[in-house]
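Comments concern the structure below.
The values are calculated or read from the model by the stated rules, or taken from the named source; none is laboratory data. Note that this is a predicted model, so its numbers are computed, not measured. Here the Cβ positions follow ideal geometry from the backbone for every residue, glycine too, while neighbour counts run over all protein chains shown. The protein model used for the area step is the full one, side chains on, heavy atoms only, and it has no ligands, DNA or RNA in it. Shrake-Rupley method; radii C 1.70, N 1.55, O 1.52, S 1.80 Å.
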Amino acid sequence: TKAGVAVAFIALLGLAVGGAVTSQTLYAATASLVKEFAALRAMGIPRFRMRSFVMIQSLVMSIVGLAIGVPAAILLAALARSLGTESLVPTWLVGTASIITLVMGILSGLFAAQSLRHVEPATLLRV
């Protein structure tokens, strides 16, 4: 039906906006630490370690978001049911949304890790 197509479009739009906001936030947080990453690089820390730090950060951010979002969605569904509105939150939907959120976080981390490509110790000498 047209309503189903509209709901699917809104869900995809929300996913795109959420992904863009998440990746830009993580990218900005990583880019703001360029001097710290340059200092680590000067101490001999390999790039893959710095990239893994960014990836762990994105994964933790996704897990914290899920820890807040899933209970909030369940509580809102319970509130809607108490007001007489039929609201279902099936387990498969929670699982699928959780997987999509984790994948979006990982992709955002990969995007943010790209800002580490040009990190060089010489960055510390620039004013």
Sort out which residues of segment 40-65 are exposed (fewer than 13 other Cβ atoms within 10 Å of the Cβ) and assigned to a loop (DSSP other than H, G, I, E, B), and write them in order of number. MET43, GLY44, PRO46
Which of (1) open to solvent by 60 Å² or more (accessible area, probe 1.4 Å); (2) touching a helix residue (DSSP H, G or I) at 6+ places or on another chain (Cβ under 9 Å); (3) farther than 21 Å from LEU13 by Cα does LEU107 not meet, given it meets every other one? (3)
Does segment 80-94 contain at least one residue that is in a helix (DSSP H, G or I), within 24 Å of GLN24 (Cα to Cα), among the aromatic types (Phe, Trp, Tyr) and open to solvent by 90 Å² or more (accessible area, probe 1.4 Å)? no
Taking interchain pairs and intrachain pairs at least six residues apart, which have beta carbon atoms under 6 angstrom, with the first residue in segment 42-60 and closer than 17 Å to PHE111 by Cβ and the second surrounded by 14 or more Cβ atoms within 10 Å (Cβ to Cβ) and among the aromatic types (Phe, Trp, Tyr)? MET50/PHE37
If the requirement is being within 29 Å of GLN114 (Cβ to Cβ) and either in contact with a strand residue (DSSP E or B) (Cβ under 7 Å, 6 or more places away or on another chain) or acidic (Asp, Glu) (or both), which of these qualifies: GLU86, GLU36? GLU36
Filter segment 115-127 for residues that are exposed (fewer than 14 other Cβ atoms within 10 Å of the Cβ) and within 23 Å of the chain's Cα centre (by Cα); the one that is modelled with the highest pLDDT is ARG117
Is it true that some residue in segment 8-31 is touching a residue at least 40 places away in the same chain (Cβ under 8 Å) and either under 16 Å from GLU120 (Cβ atoms) or in a loop (DSSP other than H, G, I, E, B) (or both)? yes
Sole exception among (1) of a type in the set (A, V, I, L, M, F, W, C); (2) open to solvent by 50 Å² or more (accessible area, probe 1.4 Å); (3) under 13 Å from the mean Cα position of the chain (by Cα) for ALA29, by number: (2)
